[in-house]
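Okay, structure first, notes after.
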Amino acid sequence: MNSQTPQTTPLSDRAHAAAAYLRLAPEQSPYGPFRGADHARTRLRLAAALGIGLDRIETQPDGIRRRIFPGEPIIATVKCPASGETYTFLARNPLYDDEPFEFLGSCPECGGEVPLADIRHLADLGTYLARAPLNTRDTDRPDSLPETFQEDAGHSTDCRHGGIR
Ligand SMILES: [Zn+2]
């Protein structure tokens, strides 16, 4: 898939490029063709959701939320082409294209990298970025964080969140 801006590339060209990417990328993936397909779909979905090029997204298996069955969680790191800032997202169930990405950031209590917002599109990220920095009071308000925050494996072992270990 090329890195031209969406405004200058015909939709049909971008659609063909996306289909070719999903067909070819799994065969070249260092994670093998099946997990490679999960990584390719994750990159494509996130690029579309954020309006950025595939070349700005790196994916890797999630080492702390691993499962032994298909659909291993994937960490996607996005480098902003304008600012150089990086943003980290989790595809917890990459087999399901209808589930939101989880924006990962520091737990206000333990500093672990945990889900702080569900991201379905660019406006969700904008809403998160516009809010005041999280504090320890936010972690007890169920409407303020994703459902997955409380039990996420990214909390440190001494955090009061993080579930059973
Ligand atoms: Zn924590």
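General observations
- Residue 52 satisfies every condition listed in (1) in a strand (DSSP E or B); (2) among the β-branched types (Val, Ile, Thr); (3) more than 26 Å from residue 157 (Cα to Cα) except (1).
- Per this entry, residue 41 is not counted among residues that are out of contact with any Leu (no Cβ under 6 Å at 6 or more places or on another chain) and surrounded by fewer than 18 Cβ atoms within 10 Å (Cβ to Cβ).
- For segment 85-103, the criterion of being more than 19 Å from the chain's Cα centre (by Cα), open to solvent by 40 Å² or more (accessible area, probe 1.4 Å) and farther than 27 Å from residue 68 by Cβ is satisfied by no residue at all.
Yes or no, residue by residue, for (1) within 16 Å of the ligand (Cβ to nearest atom); (2) within 21 Å of residue 32 (Cα to Cα); (3) at pLDDT below 95:
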| residue | (1), (2), (3) |
| --- | --- |
| 67 | no, yes, yes |
| 77 | no, yes, no |
| 81 | no, no, yes |
| 102 | yes, no, no |
| 161 | yes, no, yes |
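- Annotation note: of 127, 136, the sole residue that is within 14 Å of the ligand (Cβ to nearest atom) and of a type in the set (Ser, Thr, Tyr) is 136.
- A search for C-beta distances below 8 Å between a residue of segment 95-120 that is without any contact (Cβ under 8 Å) to a residue 12 or more places away in the chain and at positive phi and any residue that is buried (at least 22 other Cβ atoms within 10 Å of the Cβ) and in a loop (DSSP other than H, G, I, E, B), counting only pairs 6+ apart in sequence or on different chains, returns nothing.
- The residues of segment 108-165 that are assigned to a loop (DSSP other than H, G, I, E, B) and open to solvent by 90 Å² or more (accessible area, probe 1.4 Å), listed by number, are 120, 133, 137, 141, 142, 143, 151, 157, 158, 160, 164, 165.
The values are calculated or read from the model by the stated rules, or taken from the named source; none is laboratory data. From a predicted model like this one, the values you see are computed outputs, not experimental measurements. FYI the Cβ positions are ideal-geometry reconstructions off the backbone, even for glycines, and counts take in every protein chain you see. The area values use the complete protein model at the heavy-atom level, side chains included, leaving out ligands, DNA and RNA. Shrake-Rupley method; radii C 1.70, N 1.55, O 1.52, S 1.80 Å.
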